[in-house]
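*Asks:* Just passing along the structure, written as structure tokens.
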Amino acid sequence: MIASTDYQTESPIVVERVRMPDNPKAGRYNASGKEDANGSVFVLRVGPSAHVWAVLEHNPKPGDRCAMIFENIRGTGMLDVIMSQWIKGGSGDLGENFNQPYIGEAVVVHLARYRARDAVKVVGLNSSTAEISVAAGVLFVPGSGA
């Protein structure tokens, strides 16, 4: 008899991480937090708050869970998070179009938000029947709180 420890009850999870700059300004960044015209992290500033979209490098397949870990999110000023389908190559303030689900269908289901010191993890599920591009969004006040 051959013993095996390979046992899987659920679909895989795609986990990626990005590091935010110390003081994020509006613009486009790479996963290391450096300004990059081709980066996959988009920052918008509205007053004191920062709205950040981080596009996953690997597209989750149908039924896959996905998670984006945002590092260097300082303070306690967390306002909201989201996980959304992301249509690459569009136009707009972010250089892309986002929130373009199929009509009447929730393409990406937001499952959870985890908060740790200087970090946030956003988890979602590809509930569609296709491999899709996904982005995680975080809305926070940089440097607020303790």
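The values are calculated or read from the model by the stated rules, or taken from the named source; none is laboratory data. Values in this document were obtained by computation on a predicted structure and should not be read as measured data. Cβ placement follows ideal geometry from the backbone for every residue including glycine, while neighbour counts extend to all protein chains displayed.
*Asks:* Say we look at segment 101-142 and pick out the residues that are in a loop (DSSP other than H, G, I, E, B) and surrounded by 14 or more Cβ atoms within 10 Å (Cβ to Cβ); which of these is modelled with the lowest pLDDT?
*Replies:* Filtering segment 101-142 for residues that are in a loop (DSSP other than H, G, I, E, B) and surrounded by 14 or more Cβ atoms within 10 Å (Cβ to Cβ), the one modelled with the lowest pLDDT comes out as PRO101.
*Asks:* Go through the residues of segment 40-47 one by one and say whether even a single one is of a type in the set (Ser, Thr, Tyr), within 23 Å of VAL14 (Cα to Cα), in contact with an Asp or Glu (Cβ under 9 Å, 6 or more places away or on another chain) and surrounded by 13 or more Cβ atoms within 10 Å (Cβ to Cβ).
*Replies:* yes
*Asks:* Which count do you get for residues in segment 1-24 that are modelled with pLDDT of 90 or more and either farther than 24 Å from VAL109 by Cβ or surrounded by fewer than 14 Cβ atoms within 10 Å (Cβ to Cβ) (or both)?
*Replies:* Going through segment 1-24 one residue at a time, the tally reaches 3.
*Asks:* Related question: Taking segment 62-84 on its own, how many of its residues are surrounded by 14 or more Cβ atoms within 10 Å (Cβ to Cβ) and either modelled with pLDDT under 85 or within 17 Å of TYR29 (Cβ to Cβ) (or both)?
*Replies:* Qualifying residue count, segment 62-84: 9.
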